[in-house]
Amino acid sequence: MGDDTHGWTAAPGAAARARSVLAAAWSCAVTTEGTRKEFAGAHTVTDDGRVLLEVPEGSALLTTAICAPRGEPSAVLEFADVAPVPVRDRIRARLWLAGWFSAGDGRLAFQPTRVVLRQPSGAVLVDPGEFATAAPDPLATAEARLLTHLADCHADAVERLTRLVDTGSLHGAVRVQPLAVDRHGLTLRIERVRAGGDVRLPFHAPADDLAELTERMHVLLSQAAAAPCLRAPQPRRADGDG
C-alpha cells in the first residue's frame, strides 16, 4: 500500500525475523510437562540461537532438564514481540521454540529443534539450521527506543510520512503510529474507529546501523515533502491495548 517508487522492497526473511524477536525479547514463557512458568530478564542468546536461561536453585525446571532423555523435546519456549508504541493489537509476532534443555555452569542451555514464527500473515515453520545461522536485524535491540522517540517527539514527521500512503489506505483514519522499523523499512499502523491496517514504507537501501537509518528516514521525509498532500488523520484519542 506504500509508494511503489521506492527501489528497495526487501523484507526480513522468516529466520532473520525469528532471530530478531528472540534478540529483543525481555521475557519468555517456558512450558514443560504440563506446567508453564514466566521468566523476565533471565535469558540470553548465543550466536547460534541457543537460549541460556538462569533459573533458581531447586527449580523443577532443573529436574526436568536433568531427567529428560538427551535430544528429545522437553520444553517449549514462547516469546512475544510487543509493539513499543501503544496501538491496538500490540502483539506483532509470537515465536515458539521446541527443544531440550541441558544443565551446566549454573544455568540451562536450550537447544531448539523446532521453530515456529507466527505473524499477522500466518505461521511459518523455520528450518532450525537457518535459524541457527541467521542474524537478527541490526536495529532489533534499538527498535523500541527509536519508535517511542519517533512517536513522542516527532509526531509531525509521522504525519508527513502519510503522504507516501495511498488515499484509500487512509480512509477513515483517526490515528497513525509507527509500528515497526527494521533495516529494510518502516511500518505504520493506521488506526480507524473499529479497525486498522498496516502500511510499509521500504527504504531505498538497507540500513545496517543508526547512522544509515537516519539517512534512510531523511530520504523518506524528502519524498513525503515532494508528494501531494493528502487528508491528514483527525486527532482523536485512541488508547492502545495489550
Filter result for the condition that a residue is in a strand (DSSP E or B) and either closer than 26 Å to Ala80 by Cα or at pLDDT below 95 (or both), over Leu117, Leu150
Leu117
Specify the residue that is most open to solvent (accessible area, probe 1.4 Å); the eligible residues are those in segment 166-187 that are assigned to a loop (DSSP other than H, G, I, E, B) and more than 14 Å from Pro202 (Cβ to Cβ).
His171
Do any residues in segment 29-57 that are open to solvent by less than 60 Å² (accessible area, probe 1.4 Å) have Cβ atoms under 6 Å from those of residues that are among the polar types (S, T, N, Q) and assigned to a strand (DSSP E or B), where the two are at least six apart or on different chains, and which pairs are they?
Leu52/Thr44
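Restricting to segment 177-199, name every residue that is over 23 Å from Thr141 (Cα atoms) and not basic (Lys, Arg).
Filtering segment 177-199 for residues over 23 Å from Thr141 (Cα atoms) gives 190-197.
Answer for segment 177-199, where residues must be over 23 Å from Thr141 (Cα atoms) and not basic (Lys, Arg): Ile190, Glu191, Val193, Ala195, Gly196, Gly197.
Yes/no per residue for (1) assigned to a helix (DSSP H, G or I); (2) among the small types (Gly, Ala, Ser); (3) out of contact with any helix residue (DSSP H, G or I) (no Cβ under 9 Å at 6 or more places or on another chain):
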site	(1), (2), (3)
Ala29	no, yes, yes
Glu57	no, no, yes
Val87	no, no, yes
Trp96	no, no, yes
Thr113	no, no, no
Across segment 89-113, the tally of residues that are in contact with a Gly (Cβ under 7 Å, 6 or more places away or on another chain) and open to solvent by 60 Å² or more (accessible area, probe 1.4 Å) stands at 2
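The values are calculated or read from the model by the stated rules, or taken from the named source; none is laboratory data. Note that the coordinates shown come from a computational prediction; the quantities given were computed from them, not determined experimentally. Ideal geometry is used to build each Cβ from the backbone, glycine not excepted, and the neighbour counts take in all protein chains shown. Heads up: the accessible areas ignore ligands, DNA and RNA and are worked out on the full protein's heavy atoms, side chains in. Shrake-Rupley method; radii C 1.70, N 1.55, O 1.52, S 1.80 Å.
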